[in-house]
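Worksheet: one structure, shown below.
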Amino acid sequence: MNISTPTQNQPAVSRDATLLLVDDQPINLHSASAALKAEGYRLLVARDGQRAIKLAESQQPDLILLDVMMPEMDGYETCRRLKENDTTRDIPVIFLTARNEEDDIAEGFESGGVDYLVKPFRHRELLARVRTHIELRRTSQHLEELNRLKSQFIAMAAHDLKNPLHSISGYTEILLMNLEEGDSLSAKDGSTVEILNTVSRTASHMSRLIHELLETEAVNSGTAAYNP
């Protein structure tokens with residue numbers, strides 16, 4: 001992650017994070033925007049759910065701050081549609097709303113939100129929650145990338161090991177066949193046959209281990225079953 005060094009008291013993530021702020025009330029947009037811009041966040045603004053979904057799809061913000069009470073499509077339905085969309089489902093959503101009943105909060109989480117902040121909110125609390133959820137998403141993305149690289153390394157290592165193992169197994173079988181047919185004076189040497197049998201068993205064992213490693217990795221990563 002290439003993150004610039006922050007100024008004093010400014011979170012590192014704010015320097016390269018983009019937020020989508022969704023609210024149909026200009027006064028609310030102005031209040032939240034002022035606090036967020038002061039921290040260095042890049043802001044996108046939408047005043048309705050449809051526009052919010054289009055911006056989220058095209059701009060891929062790091063976080064969405066979503067009002068609940070909006071005309072035509074409320075925040076809960078907007079969030080549900082975002083989570084049904086493969087392009088936007090992983091973008092965290094924080095609800096900003098004056099609705100503070102238990103059922104309202106529960107619906108916010110059930111629709112896919114990660115947090116729920118009741119208006120009027122304190123700017124410090126808003127900034128703290130925004131920073132926390134951006135850091136969580138960045139950490140998750142970093143872990144996903146590490147897992148992808150691990151899977152790639154395992155696949156490459158297994159491929160590089162399989163080719164020489166196939167050669168060892170093949171040549172060992174040829175030598176054993178020749179010895180059994182009496183084409184070599186070494187056929188009388190039992191130790192030679194035993195050594196070749198050991199090499200063959202070891203190669204087969206290593207091949208099985210590689211196969212099991214790739215199968216396990218396929219299961220862990222949720223990909224299709226490994227086909228040798």
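Couple of notes before you dig in:
- Here GLY222 clears all of (1) at pLDDT below 65; (2) open to solvent by 80 Å² or more (accessible area, probe 1.4 Å); (3) under 30 Å from LEU82 (Cα atoms) except the condition numbered (2).
- Residue check, ILE134 modelled with pLDDT of 90 or more and in contact with a Leu (Cβ under 7 Å, 6 or more places away or on another chain): yes
- Selection count where residues are of a type outside the set (A, V, I, L, M) and open to solvent by 70 Å² or more (accessible area, probe 1.4 Å), scope the range 136-158: 9
- LEU161 being at pLDDT 85 or above and part of a helix (DSSP H, G or I): no
- Residue count for the range 55-72 satisfying the condition of being hydrophobic (A, V, I, L, M, F, W, C) and more than 19 Å from SER31 (Cα to Cα): 2.
- Condition check for SER186: of a type outside the set (A, V, I, L, M, F, W, C), modelled with pLDDT of 70 or more and in a helix (DSSP H, G or I): no
- The strands (runs of 3 or more DSSP E) located wholly in the range 43-128 that include 3 or more residues which are open to solvent by less than 10 Å² (accessible area, probe 1.4 Å) and under 16 Å from VAL22 (Cα atoms) occupy 63-67, 93-97.
- Flag if GLU77 is touching a residue at least 24 places away in the same chain (Cβ under 8 Å) and touching a Pro at 6+ places or on another chain (Cβ under 9 Å): no
- Check on SER33, within 26 Å of THR139 (Cα to Cα), open to solvent by less than 50 Å² (accessible area, probe 1.4 Å) and touching a Cys at 6+ places or on another chain (Cβ under 7 Å): no
- For the range 73-114, the set of residues classified as under 18 Å from SER31 (Cβ atoms) and touching a helix residue (DSSP H, G or I) at 6+ places or on another chain (Cβ under 9 Å) consists of GLY75, ILE94, PHE95, LEU96, THR97, ARG99, listed by residue number.
The values are calculated or read from the model by the stated rules, or taken from the named source; none is laboratory data. The structure presented is a predicted model; accordingly, all values stated were derived computationally and were not measured. Cβ atoms come from the backbone with ideal geometry, glycine included; neighbour counts cover every protein chain shown. Remember, those area values only see protein heavy atoms, side chains included, never the ligands or the DNA or RNA. Shrake-Rupley method; radii C 1.70, N 1.55, O 1.52, S 1.80 Å.
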